[in-house]
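Visitor: Before anything else, here's the structure in question.
The values are calculated or read from the model by the stated rules, or taken from the named source; none is laboratory data. The model shown is predicted, which means the values in this text are computed figures rather than measured ones. Cβ placement follows ideal geometry from the backbone for every residue including glycine, while neighbour counts extend to all protein chains displayed. In case anyone asks, the SASA skips ligands and DNA or RNA and just uses the protein heavy atoms, side chains included. Shrake-Rupley method; radii C 1.70, N 1.55, O 1.52, S 1.80 Å.
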Amino acid sequence: MATAIITGSARGIGAAIALRLAKDGYDIALNDIAESCFENNDIIDKIKAEGVKCEKYIADVSKYDQCEAFVKSVKADFGSIDVLVNNAGITRDGLLVRMSEENYDLVVAVNQKSVFNMTKLVGSVMMKQRSGRIINLASVAGLYGNPGQMNYSATKAAIIGMTKTTAKELGPRNITCNAVAPGFIHTAMTDALSEELRAAMVKQIAMGRCGEVEEIAGVVSFLASKDASYVTGQVIEISGGLSM
Ligand code: NAP
């Protein structure tokens with residue numbers, strides 16, 4: 001049985017990706033930053049109901065040593081690691097002149113350094129296996145910028161560069177690396193926005209609505225599938241036509 005690791009997967013897009021990959025037949029290694037993320041949460045039961053193995057691993061993916069222990073445990077528990085989805089991400093929005101250095105550094109650590117940590121560690125396992133799929137969560141903010149998100153857009157643009165470099169370095173070992181760039185997706189992250197801001201955003205979307213988490217999970221499922229075996233180094237925008 002093949003195994004997929006999804007970081008930051010107790011809720012939101014990560015949980016939807018984990019459930020979709022479970023439906024595709026993968027054993028699932030869930031991750032989040034605290035045990036409390038899995039309390040009053042039925043994601044593990046939903047995944048197990050698909051008939052696959054599912055374990056949760058508590059690790060702050062911005063910390064290299066915690067990622068090292070996490071990846072080592074997954075390898076020991078599951079044997080192989082076939083898919084890595086670098087999903088964990090946070091926002092600490094604010095206009096540039098008011099943004100604190102602390103909030104800049106925190107977002108870089110969680111959104112960007114985590115991708116280095118996990119790709120380096122899981123990439124080594126995949127190189128030995130001579131196969132693997134890595135899928136990174138970028139954002140339209142990394143492609144086009146977004147006022148109030150200097151920190152966040154910087155990390156999401158960086159992830160696009162990291163995706164292309166990983167694709168070039170690991171391609172010869174039959175490992176693909178792609179990114180998805182969601183637009184406005186209906187999650188806790190976007191629920192935190194004011195009604196006014198949300199209405200203004202929806203006006204810019206060709207399809208006239210926010211996306212649903214399952215619409216991100218479906219594209220990730222394709223990138224992990226056999227059908228995507230010759231797709232690498234690409235960024236797929238999933239935004240309902242936001243950028244046209
Ligand atoms: P979410 O609902 O906030 O979920 C993110 C998950 O990551 C949470 O469970 C969070 O835990 C966890 N997490 C945070 N810091 C972590 C750390 N250091 N180590 C491990 N786990 C950590 O966010 P989402 O909307 O599903 O977003 C998922 C990804 O998609 C992110 O990379 C985001 O940037 C990207 N994205 C989202 C949208 C959107 O519209 N929602 C658009 C474009 C891109 P806590 O519950 O403790 O915070």
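Visitor: Please give the helices (runs of 4 or more DSSP H) falling wholly within region 185-244 in which 2 or more residues are touching a residue at least 60 places away in the same chain (Cβ under 8 Å).
Guide: Answer list for region 185-244: 188-191, 213-224.
Visitor: What are the pairs with Cβ atoms under 9 angstrom where one residue, in region 20-42, is closer than 16 Å to Y57 by Cβ and the other, located anywhere, is polar (S, T, N, Q) and more than 13 Å from the ligand (Cβ to nearest atom)? Sequence gap at least six, or different chains.
Guide: Going by the 9 Å Cβ cut-off, the qualifying pairs are L21/S221; Y26/T3; D27/T3; I28/T3; A29/T3; A29/S73.
Visitor: Taking region 39-66 as the region of interest, how many residues are open to solvent by less than 20 Å² (accessible area, probe 1.4 Å) and more than 9 Å from the ligand (Cβ to nearest atom)?
Guide: Residues in region 39-66 being open to solvent by less than 20 Å² (accessible area, probe 1.4 Å) and more than 9 Å from the ligand (Cβ to nearest atom): 4 in total.
Visitor: Residues being more than 19 Å from L96 (Cα to Cα) and in contact with a Leu (Cβ under 8 Å, 6 or more places away or on another chain): count how many of those fall in region 127-174.
Guide: Counting residues in region 127-174 that are more than 19 Å from L96 (Cα to Cα) and in contact with a Leu (Cβ under 8 Å, 6 or more places away or on another chain) gives 7.
Visitor: Turning to a different aspect of this structure: Filter region 200-236 for residues that are open to solvent by 60 Å² or more (accessible area, probe 1.4 Å) and not polar (S, T, N, Q) and give the result.
Guide: K203, A206, M207, R209, E212, E214, E215, F222, K226, D227, Y230
Visitor: Here's something else I'd like to know. Which is within 16 Å of the ligand (Cβ to nearest atom) and within 21 Å of S131 (Cα to Cα), of N174, N178?
Guide: N178
Visitor: Would you pick out the residues in region 67-89 that are open to solvent by 60 Å² or more (accessible area, probe 1.4 Å) and either in contact with a strand residue (DSSP E or B) (Cβ under 8 Å, 6 or more places away or on another chain) or more than 19 Å from A34 (Cβ to Cβ) (or both)?
Guide: If the condition is that a residue be open to solvent by 60 Å² or more (accessible area, probe 1.4 Å) and either in contact with a strand residue (DSSP E or B) (Cβ under 8 Å, 6 or more places away or on another chain) or more than 19 Å from A34 (Cβ to Cβ) (or both), then K72, K75, A76, D77 are the ones that fit.
Visitor: Within region 28-38, which residues are more than 11 Å from the ligand (Cβ to nearest atom) and open to solvent by 20 Å² or more (accessible area, probe 1.4 Å)?
Guide: none
Visitor: I need a count of the residues in region 90-106 that are touching a residue at least 12 places away in the same chain (Cβ under 8 Å) and open to solvent by 30 Å² or more (accessible area, probe 1.4 Å).
Guide: Number satisfying all stated conditions: 10.
Visitor: Considering only residues of region 128-152 that are away from the ligand (no atom under 14 Å from the Cβ) and in a helix (DSSP H, G or I), which is surrounded by the most Cβ atoms within 10 Å (Cβ to Cβ)?
Guide: Among them, the one singled out is M150.
Visitor: Considering T163, T155, which residue is within 9 Å of the ligand (Cβ to nearest atom), open to solvent by less than 10 Å² (accessible area, probe 1.4 Å) and of a type in the set (S, T, Y)?
Guide: None of the others qualify; the one that does is T155.
Visitor: Let me ask something else. Output the helices (runs of 4 or more DSSP H) that fall wholly within region 1-119 and possess 2 or more residues being within 23 Å of L170 (Cβ to Cβ), or say none.
Guide: Helices (runs of 4 or more DSSP H) meeting the threshold: 12-23, 64-78.
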